[in-house]
Structures are given as structure tokens and as C-alpha cells.
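The values are calculated or read from the model by the stated rules, or taken from the named source; none is laboratory data. Predicted, not measured: the structure shown is a model, and the values here were computed from it. Reconstructed Cβ throughout: ideal geometry from the backbone, glycine too, with neighbour counts over all protein chains shown. Areas reflect the complete protein model, heavy atoms only, side chains present, ligands, DNA and RNA absent. Shrake-Rupley method; radii C 1.70, N 1.55, O 1.52, S 1.80 Å.
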Amino acid sequence: QVSLVESGGGLVQAGGSLRLSCAASTRTFDSYHMGWFRQAPGKEREFVAAISWSGGSTYYADSVKGRFTISRDNAKNMVYLQMNSLKPEDTAAYYCAAGIRSGWTTERGYNYWGQGTQVTVSI
């Protein structure tokens, strides 16, 4: 059982930066791969980034590659998403997820989800 709480969302101007944080409540945090997804109104939830158990492997959606960086600190049960060069199309609710299922870049690969944090990028 994993409880996830996101924070760090807010309003930022295009070109700016934000860092999202996800705090996990579990005794086996390093057993899960972690991911970030986002969903804008009227759109499907989409994959953003993922990181393996050890942090040795990362995956990014093409739309954010080169701008976003996912990282984790297993000692603190934390995962982060550093977002740079933000664009208006990045506006969405961002969700942290934890999983042990196969498929790091799909929703089906995750067992637990946070409540989300809103990111709004203005023109």
C-alpha cells in the first residue's frame, strides 16, 4: 500500500521553471518504479516521465524531453520533476504514480496514484 502526495504546482509564466515533489508513504519505496503523468481538461491522461527502482533508468515523453528531469531520493521516499522552459501546452494537473507492474510509460504500469497538483503556464 502506497500513499502519494504531490506538491509544488502553481502559476508560472512561459519560459519559467517549477519543481514538483511527490512524497511517498511506504516501507518499500525503492521497490517501485515512479512516474509522472498529466491531464488537461478535455484531454486524456498522458505519460510525462518515469524512473526505475534504482534511479538508473529514466524515460520521457517526446514533448518534454530536454526540458523536464525526473529524479528520486529513496532515502527520503521522494520523487521530483524539474520542469524548465515551460510552455502554455504544459498546463495540466500533474499526477505522481508508483508501480510494480510492467510498463513504465503507460497507466497500466502503475498501482497507486496521488491526488494531483495543478500547473498553469501563462502566455
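Give the lysines whose C-alpha is closer than 28 Å to that of K76, dropping any in the same chain fewer than 8 places away, or say none.
The reachable lysines, counting only those whose Cα sits under 28 Å from K76, are K65.
In Å², and per residue, what accessible area does the chain have when probed at 1.4 Å with the other protein chains present?
52 Å²
Measure off, as a whole percent, the carbon and sulfur share of the 1.4 Å-probe accessible area of the chain, all protein chains present.
46 percent
Need one number for the chain: average projected area of the convex hull over its C-alpha atoms, nm².
If I average the Cα hull's projected area over directions, I get 6.8 nm².
Select from A75, A50, A92 the residue whose mean-square fluctuation is largest in a Gaussian network model of the chain (Cα-Cα springs shorter than 10 Å).
A75
Which of A92, I70, Q115 sits farthest toward the positive end of the charge dipole of the chain, with +1 on the Cβ of Lys and Arg and -1 on the Cβ of Asp and Glu?
Ranked along the dipole, the leading option is I70.
Can you give the Rg/Rh ratio of segment 48-101, where Rg is from the C-alpha atoms and Rh is the Kirkwood radius?
0.96
Go through segment 9-106 and name the chymotrypsin sites (Phe, Trp or Tyr not before Pro) that are in a DSSP coil and have 14 or fewer other Cβ atoms within 10 Å of their Cβ.
none
So what's the gap between the Cα centers of segment 81-123 and segment 1-55, to the nearest angstrom?
If we compute the Cα centre of each part, the gap is 5 Å.
If you keep only loop residues by DSSP, which GluC sites (Glu not before Pro) in segment 1-99 have at most 13 other Cβ atoms within 10 Å of their Cβ?
Loop-located and lightly packed - E44.
Over segment 1-107, what relative contact order in percent results from Cα pairs under 8 Å that are six or more residues apart?
35 percent
Near K43, which lysines are there with a Cα under 18 Å away, not counting those fewer than 8 places off in the same chain?
Leaving aside lysines fewer than 8 places away in the same chain, those within reach of K43 are K87.
Note down the net charge around R45, summing +1 for each Lys or Arg and -1 for each Asp or Glu among other residues with Cβ under 9 Å from its Cβ.
Within the 9 Å Cβ shell, the charges total -1.
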